[in-house]
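The values are calculated or read from the model by the stated rules, or taken from the named source; none is laboratory data. Just so we're clear, the structure is a prediction, and the values are computed from it rather than from any experiment. Glycine gets a Cβ as well: all are built from the backbone with ideal geometry, and neighbour counts include every protein chain shown. Calculation scope for accessible area: heavy atoms of the full protein, side chains included, ligands and nucleic acids excluded. Shrake-Rupley method; radii C 1.70, N 1.55, O 1.52, S 1.80 Å.
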Amino acid sequence: MKLYEILAAIERFAPLSIQESWDNAGLVCGDPDMDVTGAVVGFDCTKELICEAVSRGANLVVTHHPLIFKGVKRILPGEPVSAALVAAIKNDVAVYAAHTNADKVMEGVSGAMGRALRLEDMEFLDGDGISGLGVVGNLPEPLSVEEFVPKVKQAFGCAVLRCSRALDCPVSRVALCGGAGSSLIEKARLSGAQAYITGDLSYHDFFTHDGFMVMDIGHYEGEEAITGILFSVIKKNFPNFAVYIANTKHNPVSYL
């Protein structure tokens, strides 16, 4: 199995052409013509994830977040990106990222968030009908905030939520965006949603209009489902290929 064959399958699912201009999705490290012995799919590319791939006899790591994002100026011992990059190069492990391109397809990150809440009639929050950022849809039935909050926690594995002032009206329409979605708050409100679920909101984002609330579930919690999706894309296209979901899972944010 050649690396370019696997990458072509991923890019049919999430074309690199739709990634955001600031992004660095795609092949970060490796030779497209190399023979691939197996793949491990994870969320962030860390040294531990590279080592897990090596231990499994795999020489491809596929993650959501790119290992190299803003550029590498120095490779220093103990620095996380440096450590992962050195481990990948030393062990001849290819590293690939499906980031905002996997955010912007309905079967990707935000769509998965909507499906976790069983939303109906989903559409992109900011898109062209074919691809876009965020989704908005309708709950099967309206819920009070007291009923809705536990469903959100359960759907995304959240111990706590950071929320704006609780609504005194039912929630029937919900907008979502995986990762950091503060830029879409106004589009979420104008979409008719009573609640907008995303991550990485700042203090001032919690000042909201009447009849509209924001809910911060965290960055990891909103996007982690993409690992299973990318695993399924590879497995569906190459049923006999050795592909694994990483055991190395960690949310870098801790609540103490």
Kindly check whether there is at least one residue in the stretch 29-37 that is closer than 24 Å to Y220 by Cβ and surrounded by fewer than 17 Cβ atoms within 10 Å (Cβ to Cβ). no
Residues of the stretch 155-179 satisfying the condition of being in contact with a Gly (Cβ under 8 Å, 6 or more places away or on another chain) and open to solvent by 30 Å² or more (accessible area, probe 1.4 Å): C169, R173
Scan the stretch 209-224 for residues that are over 30 Å from L7 (Cβ atoms) and either surrounded by 21 or more Cβ atoms within 10 Å (Cβ to Cβ) or touching a helix residue (DSSP H, G or I) at 6+ places or on another chain (Cβ under 8 Å) (or both) and jot them down. H209, F212, M213, V214, M215, D216, I217
What about H204, is it out of contact with any strand residue (DSSP E or B) (no Cβ under 9 Å at 6 or more places or on another chain), at pLDDT 95 or above and not hydrophobic (A, V, I, L, M, F, W, C)? yes
Applying the selection to the stretch 42-68, what residues are under 18 Å from E79 (Cβ atoms) and among the hydrophobic types (A, V, I, L, M, F, W, C)? C45, L49, I50, C51, L67, I68
Per the filter on the stretch 225-249, residues assigned to a loop (DSSP other than H, G, I, E, B), surrounded by fewer than 20 Cβ atoms within 10 Å (Cβ to Cβ) and under 14 Å from the mean Cα position of the chain (by Cα) are K249
Could you pull out the residue among A112, A102, A98 that is closer than 18 Å to A180 by Cβ, within 19 Å of the chain's Cα centre (by Cα), open to solvent by 10 Å² or more (accessible area, probe 1.4 Å) and not polar (S, T, N, Q)? A112
Going through (1) in contact with a helix residue (DSSP H, G or I) (Cβ under 7 Å, 6 or more places away or on another chain); (2) modelled with pLDDT under 95 one by one, G134 fails only at (2)
Taking only the stretch 42-82 into account, find how many residues are free of Cβ contacts under 8 Å to residues at least 24 places away in the same chain and on the phi > 0 side of the Ramachandran plot. 2
For I75, are the conditions met, namely being in contact with a strand residue (DSSP E or B) (Cβ under 7 Å, 6 or more places away or on another chain) and surrounded by fewer than 18 Cβ atoms within 10 Å (Cβ to Cβ)? no
